[in-house]
1. Mind checking Rg over Rh on the range 140-188, alpha carbons, Kirkwood formula for Rh?
2. Can you order the peptides 85-92, 251-258 by their average number of other Cβ atoms within 10 Å per residue, highest first?
3. Sort 137, 240, 280 so the one with the fewest other Cβ atoms within 10 Å of its own Cβ comes first.
4. State, as an integer percentage, the relative contact order of the chain based on alpha-carbon contacts under 8 Å between residues 6 or more apart.
5. So how do 197, 261 line up by other beta-carbon neighbours within 10 Å, fewest first?
6. Give the percent of DSSP beta bridges with both residues in the chain that are antiparallel, rounded to the nearest 5.
7. Output the relative contact order of the range 127-283, whole-number percent, from Cα pairs under 8 angstrom with separation of 6+ residues.
8. Just want to confirm a number: the relative contact order over the range 88-174, from Cα pairs under 8 angstrom separated by 6+ residues, in percent.
């Protein structure tokens, strides 16, 4: 898909669900900058204090409160709904409740209100649905695709935030953790702002009607080890890696799964076993378009969008961290 249009002709009023998350806030900001009348659905009144939501009218609602959702959408009568809803943990119960059911409730309310468009933020990892949250996302994708509403499904590759967890670790002099040789997976990460521009652009792009759109940021695809190399280069530190064998996740999943069976098949053990499976998935699967014929991930086939780079993100993040560290060291 080419660069989305910046027109506001398609929709004057937008309802954004999951508005208090990092992507949701970026989408609210982008919609407001384009002149839309934005209603942000949030779970708590305090979310309205977030800087990115100041331009929107915040509606506090629990997404399992179907009557409240119907009331809000009937009152606001949006031309489009953008869902940035996602489970925070990925645990089976949370995935069913959020990734599927909350989105399904939102879709029902949108249909009842006569909403013309529904744009869904999904994830590229649903191409290989091994995990509970992936199956929940796919179940709603299918429901949305079959609904009488113009829809677009956006599947981003990876977020800058998800690739930033080891920056502080490196700045503390610790080794950068890799799995295997650090070259098991690759991705084309996209910034929150670029992804928000892409999502909002789908409202006015004819090519986005009824489409499922994978999207990454500017290439080339980057491996885990190369992410470490970027951080070491920007911080000026000598590269230092520690390899974690992938099998530790299998061992953890088996042990925790046994605990789940011994204690009734659910609860804490089952949730932690799923976390181990999620960790293994991201340690072994690339976040790129999957070629269905070969079963291989294809970096060249993964669309690129935007201009923000991971290098720029790391540079800004490290620059913000350095003053904080200097202040902590001052007597």
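1. Working: Rg = 18.1 Å, Rh = 14.5 Å.
Computed over Cα atoms, the ratio is 1.25.
2. Per-residue Cβ counts within 10 Å, averaged per peptide and sorted highest first, yield 85-92, 251-258.
3. On the way: 137 27, 240 12, 280 20.
The fewest-first ordering by Cβ neighbours comes to 240, 280, 137.
4. Working: 609 pairs, mean separation 58.2, N = 331.
Normalised by residue count, the contact order of the chain is 18 percent.
5. Least crowded to most crowded, the residues run 261, 197.
6. On the way: 4 of 38 bridges.
Percentage antiparallel, nearest 5: 10.
7. Numbers: 174 pairs, mean separation 42.4, N = 157.
Value for the range 127-283: 27 percent.
8. Values: 74 pairs, mean separation 30.8, N = 87.
Computed value for the range 88-174: 35 percent relative contact order.
Any read-out appearing in this document is the output of simple, stated calculations on the displayed coordinates, not a laboratory observation. Keep in mind the model is a prediction, meaning the values are calculated, not measured. Neighbour counts are summed over all protein chains in view; Cβ atoms, including those assigned to glycine, are modelled from backbone coordinates with ideal geometry.
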